[in-house]
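The values are calculated or read from the model by the stated rules, or taken from the named source; none is laboratory data. Everything numeric in this text was worked out from a predicted model, so none of it was measured. Cβ placement follows ideal geometry from the backbone for every residue including glycine, while neighbour counts extend to all protein chains displayed.
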Amino acid sequence: MITTFRFPVSKCSQRKFLLVVAVVGLALTTACGGLGTSPTSTMAAPTLTPNPTPTPTPPAAPTDIKAVNHIVFMLQENRSFDSYFGKLTGVDGLPAGASNKTDDGQTIASFHFQTACSENADPDWLESHGDFNLSQPGSNTFVGDGYVHNGQGQAKFDGSLIFNGAANEVIGGTGTVDVAPQLTTNFYLFSSQTVSPENYSSLPLAGVTVTVTGDTLTQHPSAPSIPPHAGVTFTASATTITAGQKVTLNWSVSGAGTTMVSTRYDQMGRRTMGYFDSADLNYYYFMAQNFATSDRWFSPIPSNSIPNRFYMYAATTRGHAHDPGTLDSGTVKNIFQLLEDAKITWRVYYTKDPALPNEPHTLLTRFQPFARDHMGNLAPADQFATDLKNGTLAQVSFIEELPGFDEHPGATLAGDIHSGNHVQAGAQYVSTFINLFMQSQYWKDGVFFLTFDEAGGFYDHVAGQPAVHPDGLPPSDLKAEDKAFINPPGDFNRTGFRVPLLVVSPFAKKGLVSKTVADYTAILKFIETRFNLPNLTARDKAQPDISKEFFDFANPPWTTPPTPPAQNLNMVCDCTKLQ
């Protein structure tokens, strides 16, 4: 909306008008002969025309960061730059011949995903250091050879959880184990020719589905078709049960050195080398090609989602390499505290987590007592559209991820090959927020940042970068395996791996691919700079000024936003159809 201001006649103009009257009055007095009785005048009275009201000059539009009055940012989950934007034109994307080796020496080359769903990989502290350099996880020399290895380890770990410590892995070719599934579950049989170390590098030899009657969560409990292998048997004492009923699994593999039953299909770690392209993620590719992105944009630390998300709030974990739990907001301030102190309006939009129906699904609740005292600043995600329409959008807004639509890899149901987070459905979910923002009254002076909390254990060929330590506190919660394998110990002076970024704004430079190294605490610095806030830690303070990197405030390229395509939803969700 453009407001026209009407200014009153200035004091300078008033003085000029009075001066004209005084001069004319003096002339008339002189002509009449002084202060005596005035004779009848034969002079015609002059016509006095006051100065017209001047046309105001509108104030010049800001040509710097002050042109931005509304900032929205959003974090999705666990995708590396190469896995999403490795095929984007004009970026440092997937190199020819990108590959990793399995534990028994097989080469897994980078490949195009044929499924929108895959099983989970592992980006935790130890695993991220191993992805960086498998043989020397404490080294600062980047090799990038640990992705597949860690994918193998994660599959073995995840696939054993349903067994509750029972021996789902045995030396030799025969074994038995009891399970009591609560939901319909697929079980897969694997074998290795070796005893130690075990190398489960083949596809499953056989599969068994145990169907739980009354299971309302499993939508597609089908198992892949696995032709029987010679010399292999795999049976269940019952294949249809009530929830929690005991089932005995029996197997035999002729000539095997080791055998294992798992609820995870990809024991080779192949999924870590998969990527999507412009046909799969057509909405994201369109936005990256028309607005701004970066191929030197990193997660803040080499760890998994929760500690990285703490950096998005506070630019530190206060010495935690793993989940920090709850932090004292009197000691560790977050960006919303700075906004509150400066009387800048803010809001966090959350989505309801089915697992926690009575709690707002937002990491802000980990900062206490600040969150408890500001629950009025939290709102369900669907209120974002209402605030855009009603003109009630805050100056700074954060949109939390929605479980199931956050693009996080991983089957949500044990062994169900058709469950998991569908990346196209997640991208479509994100598109609703960005599209509403582009179509709203806030487009003219706003910016929407979309990025991902960490790379998720998926391959990226670029090393994490040296980074400024946020507060000088070393990791205080390293696990025994962290200490055993990372030598020297890791610290908070290196970023995680690259993650995707979209900068969507009328001011965003068209088709920009930034080459400036930054982690996403640069978004915090952008907010701090715009609203004249102090920095949270040394980490956000050290970030580049992205107001100069990504934006053209003097000549906005997108005063009228483009019309993006609808996100495709044509990929299957089947973790067995990787390629």
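Annotations for the structure displayed:
- Looking across segment 302-316, the residues that are of a type in the set (S, T, Y) and assigned to a helix (DSSP H, G or I) come down to S305, Y311, Y313.
- Exactly one residue out of G325, G319 is at pLDDT 95 or above, in a loop (DSSP other than H, G, I, E, B) and more than 21 Å from the chain's Cα centre (by Cα), and it is G319.
- Sole exception among (1) in contact with a His (Cβ under 8 Å, 6 or more places away or on another chain); (2) farther than 20 Å from S160 by Cα for Y284, by number: (1)
- Condition met for A61 (touching a Phe, Trp or Tyr at 6+ places or on another chain (Cβ under 7 Å) and either in a loop (DSSP other than H, G, I, E, B) or among the aliphatic types (A, V, I, L, M) (or both)): no
- Residue, surrounded by the fewest Cβ atoms within 10 Å (Cβ to Cβ), within segment 120-148, restricted to residues that are over 25 Å from the mean Cα position of the chain (by Cα) and either more than 17 Å from V462 (Cβ to Cβ) or charged (D, E, K, R) (or both): S135
- Yes/no for Q543 being of a type outside the set (K, R), in contact with a Ser or Thr (Cβ under 6 Å, 6 or more places away or on another chain) and assigned to a loop (DSSP other than H, G, I, E, B): yes
- Qualifying position, being assigned to a helix (DSSP H, G or I), over 19 Å from W443 (Cα atoms) and in contact (Cβ under 8 Å) with a residue 12 or more places away in the chain, among L339, L388: L339
- Single residue of segment 228-240 satisfying the filter (under 20 Å from T211 (Cα atoms) and in a loop (DSSP other than H, G, I, E, B)) that is nearest to the chain's Cα centre (by Cα): T239
- Only listed residue being acidic (D, E) and without any contact (Cβ under 8 Å) to a residue 24 or more places away in the chain, chosen from D445, D460, D491, D453: D491
- One residue stands out in segment 182-224 among those that are in a loop (DSSP other than H, G, I, E, B) and modelled with pLDDT of 90 or more: the one that is surrounded by the most Cβ atoms within 10 Å (Cβ to Cβ), namely P204.
- Count - residues of segment 529-579 that are in contact with a strand residue (DSSP E or B) (Cβ under 6 Å, 6 or more places away or on another chain) and under 27 Å from T317 (Cβ atoms): 4
- Considering V468, V462, the condition of being within 25 Å of V423 (Cβ to Cβ), in contact with a helix residue (DSSP H, G or I) (Cβ under 9 Å, 6 or more places away or on another chain) and of a type in the set (A, V, I, L, M) is satisfied by V462 alone.
- Matching residues in segment 149-159 - criterion: being buried (at least 20 other Cβ atoms within 10 Å of the Cβ) and of a type in the set (A, V, I, L, M, F, W, C): A155
- Complete set of residues in segment 160-179 that are surrounded by 15 or more Cβ atoms within 10 Å (Cβ to Cβ), part of a loop (DSSP other than H, G, I, E, B) and among the small types (G, A, S): S160, G173
- Only listed residue being more than 30 Å from N421 (Cα to Cα) and free of Cβ contacts under 8 Å to residues at least 60 places away in the same chain, chosen from T537, T529, T560: T560
- Residue count for segment 247-273 satisfying the condition of being surrounded by 22 or more Cβ atoms within 10 Å (Cβ to Cβ) and either of a type in the set (F, W, Y) or in a strand (DSSP E or B) (or both): 8.
- Test for A155: is it in a helix (DSSP H, G or I), under 28 Å from the mean Cα position of the chain (by Cα) and not basic (K, R): yes
- Segment 134-182, residues that are acidic (D, E) and in contact with a helix residue (DSSP H, G or I) (Cβ under 9 Å, 6 or more places away or on another chain): D145, E169, D178
- Selection within segment 365-389: residues that are of a type in the set (S, T, N, Q) and farther than 23 Å from F531 by Cβ. The member of this set that is surrounded by the most Cβ atoms within 10 Å (Cβ to Cβ) is T365.
- Filter pass, Q337 being within 30 Å of H112 (Cβ to Cβ), out of contact with any Pro (no Cβ under 8 Å at 6 or more places or on another chain) and among the polar types (S, T, N, Q): no
- Only one of T362, T351 that is surrounded by 15 or more Cβ atoms within 10 Å (Cβ to Cβ) and under 26 Å from D471 (Cα atoms): T362
- Test: residue in segment 126-147 that is in contact with a Cys (Cβ under 7 Å, 6 or more places away or on another chain) and in a loop (DSSP other than H, G, I, E, B): no
- Among the residues of segment 278-295, those identified as more than 18 Å from E77 (Cα to Cα) and not in a helix (DSSP H, G or I) are S278, A279, F291, A292.
- Residue match in segment 411-422 (condition: in a helix (DSSP H, G or I), surrounded by 16 or more Cβ atoms within 10 Å (Cβ to Cβ) and out of contact with any Pro (no Cβ under 9 Å at 6 or more places or on another chain)): no
- In summary, I417 fulfils each of the numbered conditions (1) of a type outside the set (S, T, N, Q); (2) over 30 Å from D92 (Cα atoms); (3) touching a helix residue (DSSP H, G or I) at 6+ places or on another chain (Cβ under 9 Å) with the single exception of condition (3).
- Residues of segment 487-527 that are of a type in the set (A, V, I, L, M, F, W, C), closer than 16 Å to P302 by Cα and surrounded by fewer than 23 Cβ atoms within 10 Å (Cβ to Cβ): V517 alone.
- Some residue of segment 438-449 being surrounded by fewer than 20 Cβ atoms within 10 Å (Cβ to Cβ), in contact with a strand residue (DSSP E or B) (Cβ under 7 Å, 6 or more places away or on another chain) and under 27 Å from N535 (Cβ atoms): yes
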